[in-house]
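Here's the structure, in structure tokens; my notes come after.
The values are calculated or read from the model by the stated rules, or taken from the named source; none is laboratory data. Keep in mind that this is a model prediction, so the values were computed, not measured. Note that each Cβ is placed from the backbone with ideal geometry, even for glycine, and that neighbours are counted across all protein chains shown. The area values use the complete protein model at the heavy-atom level, side chains included, leaving out ligands, DNA and RNA. Shrake-Rupley method; radii C 1.70, N 1.55, O 1.52, S 1.80 Å.
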Amino acid sequence: MLAIWMSAVVVLLLLCVGLGFLLALSRMKITSQEIYWQKAFANEQEKFQSQLQSQEAQNQAQKTYFSQRLDDERAKIEALKEELQNTEKIKKELKLEFENLSQKILENKTQDFHNSQTKTLAPLQKEIKDFKDAFENLKNEQTKERASLITEIKLLKDLNETISKEASNLTKALKGESKTRGNWGEMILESMLEKNGFIEGQNYRKQVDMLDEASGKHFQPDIIIDLPDDRVIIIDSKLNLNAYDALLATDSKEEADKQIKNLLANITTHFNELGKKKYHLLTKGKSPDFTIMFIPIEGAFIEAMRADTELFNKAYNLRVVITSPSTLMSILMTIANLWKNEQIDKDYRNIISKIQALQDKLNTFCSHMDSLGKGIETIQARYNDTNAALRGGRGNIMARVKTLTTSQAMPDMSESPNSLPNSL
């Protein structure tokens, strides 16, 4: 047992010694690494300090360089400012001299220019005034047209009421002579023409004799209305109140149907007669290919159209257009507007001609202004040459005069008036 314990103690001692040896070796290794890294850190720190010092020196050199550049640039700026002030002063002096010289020249030339331009500008001013007046007239005319359109619409309403009233008052008188009925229809037609601004002999003609060369017959339509571009339109008034009056007076449906048939028959007879006359062919192409048939009684027209919806087409197949006061009023208003538009076109053409004349005057005026500008440029060039000879360049007149006045070798001209100084 003792031997075993001794062996164990020896083993433990050996283990302790080995562990101590290993621990010592480990400490020695760690110390050597610390020394290595400390040396490396010292080297890097030395390099960094060196680089930092080098960079500081470089920055100081750059600072010195740029400070010098800044001082130089400031000096240049001050020199430029001084030079600019001198230049402005010289510029003001030259400007004053040029203004004085130009004023003298212009004073001499202005009167001549004014006299030469009077003949050009006077017609130009007249053309401008004429153009302004024409434009104002055109504007006023258009304003009147808009007001006139509203008035014409009101007239249409008033006219229908007037016609209805007149038709009621004259019914009995119109049942008799056909000539009386025809005259009354023509009177209503003329009244509508006058209310739309048409003037007899200027815008329309009555009972114009027309010859049918093929048959040798003479015809006289009630109204021929003149249109722009040498065109015309023919209107013929047709009226038979007997059937319509009987229609209004009856209370029987059978009698009403009978009178409507009579009314349709009368209207058909009238447009057949107009279709055979072929007024539109007698105008030699100046008229549209139809004739307007005017029924003065609005009620008769409405009853007829209600009774036969194809009545209008039947008449138009014979080149006859059936109208009542309301529909004819629309046609007359359209024709009146055509004439107004024609007048507006004439006004525009007149304005254009005035503008062209104005343009010619302006071209002439601009030509004179160009000539004046060239003259001023010539004066400017001569002034510059004179001023350069007087003040600018080497050996200028002012420099020579200054040299002569400051020369120490100036002789006494009173002692020897006929002699010239040697310095000259």
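Filtering the range 181-211 to residues that are open to solvent by 30 Å² or more (accessible area, probe 1.4 Å) and aliphatic (A, V, I, L, M) leaves MET187, ILE199, VAL208, LEU211. Of the residues in the range 313-322, at least one is crowded, with 16+ Cβ neighbours inside 10 Å and assigned to a helix (DSSP H, G or I). Here ALA214 passes the criteria (1) over 28 Å from ASN196 (Cβ atoms); (2) modelled with pLDDT of 85 or more; (3) open to solvent by 70 Å² or more (accessible area, probe 1.4 Å); (4) not hydroxyl-bearing (Ser, Thr, Tyr) except the one numbered (2). Contact map, the range 323-336: first residue touching a residue at least 12 places away in the same chain (Cβ under 8 Å) and assigned to a strand (DSSP E or B), second residue among the aromatic types (Phe, Trp, Tyr) and open to solvent by less than 10 Å² (accessible area, probe 1.4 Å), Cβ cut-off under 8 Å, separation 6 or more or different chains; pairs are THR323/PHE294.
The set of residues in the range 329-371 being closer than 16 Å to LYS139 by Cβ, surrounded by 14 or more Cβ atoms within 10 Å (Cβ to Cβ) and of a type in the set (D, E, K, R) consists of LYS340, ASP347, LYS354.
Got at least one residue in the range 221-237 being open to solvent by 40 Å² or more (accessible area, probe 1.4 Å) and out of contact with any helix residue (DSSP H, G or I) (no Cβ under 9 Å at 6 or more places or on another chain)? Yes, the range 221-237 has at least one match.
If you check LEU239, LEU311, LEU227 for being at pLDDT below 85 and either in contact with a strand residue (DSSP E or B) (Cβ under 9 Å, 6 or more places away or on another chain) or not β-branched (Val, Ile, Thr) (or both), only one passes: LEU239.
Taken over the range 277-304, the criterion of being assigned to a helix (DSSP H, G or I), touching a residue at least 12 places away in the same chain (Cβ under 8 Å) and out of contact with any Lys or Arg (no Cβ under 7 Å at 6 or more places or on another chain) is satisfied by LYS277, TYR279, LEU282, GLU298, GLY299, ALA300, PHE301, ILE302, GLU303, ALA304. For the range 256-267, the count of residues that are of a type in the set (Asp, Glu) and either farther than 25 Å from LEU332 by Cβ or in contact with a strand residue (DSSP E or B) (Cβ under 7 Å, 6 or more places away or on another chain) (or both) is at least one. Note on the range 199-255: enclosed strands (runs of 3 or more DSSP E) holding 1 or more residues that are closer than 16 Å to GLY285 by Cα are 210-212, 223-227, 231-237. Considering every residue within the range 233-252, establish whether at least one is of a type in the set (Asp, Glu) and farther than 30 Å from ALA336 by Cβ. Within the range 233-252, one or more residues are of a type in the set (Asp, Glu) and farther than 30 Å from ALA336 by Cβ. In the range 55-100, of all residues being among the β-branched types (Val, Ile, Thr) and at pLDDT below 75, the one that is farthest from ALA388 (Cα to Cα) corresponds to THR87.
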